[in-house]
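The values are calculated or read from the model by the stated rules, or taken from the named source; none is laboratory data. Just so you know, these numbers come straight off a predicted model, no measurement behind them. Please note: Cβ atoms are built from the backbone with ideal geometry, for glycine as well, and neighbour counts cover all protein chains shown.
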Amino acid sequence: MTEELEVVDPQERFLELFKTEKYRQRISQLAVSGKTSLIVEFEDILTFDHRLADKLLEKPEEYLRHADNAAQNQLTIEAPEYAEKQKVIVRIVKLLEPTPLRKLGAAHIGKLVMIEGIVVRSTPVRPMVMRAAFKCRGCGNITYVDQTGPFLKAPFACADPSCRRKGPFDFVQEESTFIDSQDLRVQERPEDLPPGQLPRTLHVKLVGSEIVDVARPGDHVSIVGIVRAAAPTMPKVGKLRVFALHLDANSIEVLGKEPEATLPSPEEEKQILELAKDPWIHRKIINSIAPSIYGYDHIKEAIMYLLFGGVPKTLPDISIRGELNVLLIGDPGTAKSQLLQYVARVAPRGLYTSGRGTTAAGLTAAVIREKGGGMSLEAGALVLADKGIACIDEIDKMRPEDRVAIHEAMEQHTVSVAKGGIVATLNARTAILAAANPALGRYEPRRTI
């Protein structure tokens, strides 16, 4: 008897959670902002009911469906007119701890996990059909088929009892329902790599207009989703026995947003204003840049100006860049690389690359052939560091033809590509901090650098 009492409908438990003041506000806000995604912190579910949280991790598909229904019921109470038009999707964020990409395996299939990494590639946003409408050529009756999997499935037979023909059918685009979809490739972060290992990548599928186009290549992201396994198909042979893992994303968050995107809190604002009144603020900022490296005040001052940047001016006929570029020249072993790596780490959007293994395509943009036979653009380091800082070490070791490629990005803040039938201009509003050795490897007093 006690066991029967313990079994509680998960939808009712989610509804109780959504009736708390915090989530009632969020749900009523959806109708005002015109959005359909309800963000739910995993910690709130855990503190509300730990068994519900465990079940959500174990059987995410079933329990997310219960959560969606509960949120829809609550929206019907808060904003009935909006609930009739829109369907709410619950998006879980901030699981207790991320699962490392290299630890994902057979044990995680069908479970809810959180991964963190860097987006290395993203496809354009494409509409995907969710409910397809097919018209029977014989009687003209329309049959609806819910779509799953990669291929479009036609109905087995006409839905009209008087017809029951098995084809042919025409796909009716106007009657079908579509949703935005996008594919990402996420790579392990360099700081998470074990010694001597290459970074692993994972394929992530995003479905829903509010989570596509959130992250772009170069962003550090945290993605919560369900791990899936799909068997690759070989022509004339069938499906392989070894499956490939991918992630069906439920929510995606960009970590470390640009300063413009995140507003300072009132406490931070108060601190900033207090620091602004300090007469020694200039000296304090210089001393806070790589404090473990002794001296180099004039170099640190130049790096400080580079980090702050200037003011870009847009005139009626031309635009003048606001970013400045800095070149450090010094003997080997004078902490140039350490300063560059420090700046790449400190900058809100920083990238570090070394000159010897760098090509023009890797810095600007590469045109690559896709599986389908078309051509697509892949952004290089300067484009990925847009509105940030690109640190290029050993710039004197680069081939001259590769070095010429960065001139346009330094002067105009754009990268122009005309290859393989693709003509495009990409933004590269990047400040470049480069380091080099003098000619002949070290300073020669009687020669120019």
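Overview of results
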{"read-out": "Extreme residue, surrounded by the fewest Cβ atoms within 10 Å (Cβ to Cβ), among residues of the stretch 174-223 that are more than 27 Å from Lys387 (Cβ to Cβ) and touching a helix residue (DSSP H, G or I) at 6+ places or on another chain (Cβ under 9 Å)", "value": "Pro194"}
{"read-out": "Restricting the stretch 421-449 to residues that are among the hydroxyl-bearing types (Ser, Thr, Tyr) and either under 40 Å from the mean Cα position of the chain (by Cα) or assigned by TED's automatic domain parsing to the domain that holds Arg216 (or both), the residue that is surrounded by the most Cβ atoms within 10 Å (Cβ to Cβ)", "value": "Thr430"}
{"read-out": "From Phe156, Phe134, Phe151, residue being aromatic (Phe, Trp, Tyr) and either assigned by TED's automatic domain parsing to the domain that holds Ala70 or crowded, with 18+ Cβ neighbours inside 10 Å (or both)", "value": "Phe134"}
{"read-out": "First in the stretch 265-283 and within 29 Å of Gly295 (Cα to Cα), second anywhere and outside any helix (DSSP H, G or I), Cβ under 7 Å, 6 or more apart", "value": "Ile272/Pro264"}
{"read-out": "Set Phe178, Phe156: member being modelled with pLDDT of 80 or more, within 21 Å of Leu206 (Cα to Cα) and of a type in the set (A, V, I, L, M, F, W, C)", "value": "Phe178"}
{"read-out": "Some residue of the stretch 343-360 being under 24 Å from Ala439 (Cα atoms), crowded, with 17+ Cβ neighbours inside 10 Å, among the polar types (S, T, N, Q) and at pLDDT below 85", "value": "yes"}
{"read-out": "Some residue of the stretch 164-173 being surrounded by fewer than 17 Cβ atoms within 10 Å (Cβ to Cβ), touching a Leu at 6+ places or on another chain (Cβ under 8 Å), in contact (Cβ under 8 Å) with a residue 12 or more places away in the chain and outside any loop (DSSP other than H, G, I, E, B)", "value": "yes"}
{"read-out": "Options Thr314, Thr334, Thr353: the member that is hydroxyl-bearing (Ser, Thr, Tyr), without any contact (Cβ under 8 Å) to a residue 12 or more places away in the chain and within 30 Å of Glu378 (Cα to Cα)", "value": "Thr314"}
{"read-out": "Number of positions in the stretch 280-301 that are within 12 Å of Leu339 (Cβ to Cβ) and either among the charged types (D, E, K, R) or touching a Gly at 6+ places or on another chain (Cβ under 9 Å) (or both)", "value": "2"}
{"read-out": "Selection count where residues are within 27 Å of the chain's Cα centre (by Cα) and either among the acidic types (Asp, Glu) or on the phi > 0 side of the Ramachandran plot (or both), scope the stretch 20-37", "value": "1"}
{"read-out": "Yes/no for Lys103 being in contact with a helix residue (DSSP H, G or I) (Cβ under 7 Å, 6 or more places away or on another chain) and loosely packed, with under 14 Cβ neighbours inside 10 Å", "value": "no"}
{"read-out": "Subset of the stretch 107-126 that is at pLDDT below 90 and surrounded by fewer than 16 Cβ atoms within 10 Å (Cβ to Cβ) - its residue that is farthest from Gly380 (Cα to Cα)", "value": "Arg126"}
{"read-out": "Per-region count, the stretch 27-36, residues under 18 Å from Val93 (Cβ atoms) and surrounded by fewer than 18 Cβ atoms within 10 Å (Cβ to Cβ)", "value": "3"}
{"read-out": "Failed condition for Ala418, given (1) of a type in the set (A, V, I, L, M); (2) surrounded by 17 or more Cβ atoms within 10 Å (Cβ to Cβ); (3) without any contact (Cβ under 8 Å) to a residue 24 or more places away in the chain", "value": "(2)"}
{"read-out": "Only one of Val145, Val113, Val90, Val119 that is over 27 Å from Val40 (Cα atoms) and not in a loop (DSSP other than H, G, I, E, B)", "value": "Val145"}
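Residues are listed down the side, and each one gets a yes or a no for (1) touching an Asp or Glu at 6+ places or on another chain (Cβ under 6 Å); (2) among the β-branched types (Val, Ile, Thr); (3) modelled with pLDDT of 90 or more; (4) within 27 Å of Lys59 (Cβ to Cβ):
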| site | (1), (2), (3), (4) |
| --- | --- |
| Gln197 | no, no, no, no |
| Ser209 | yes, no, no, yes |
| Pro217 | no, no, no, no |
| Pro235 | no, no, no, no |
| Gly238 | no, no, no, no |
| Asp248 | no, no, yes, yes |
| Ile252 | no, yes, yes, yes |
| Glu274 | no, no, no, no |
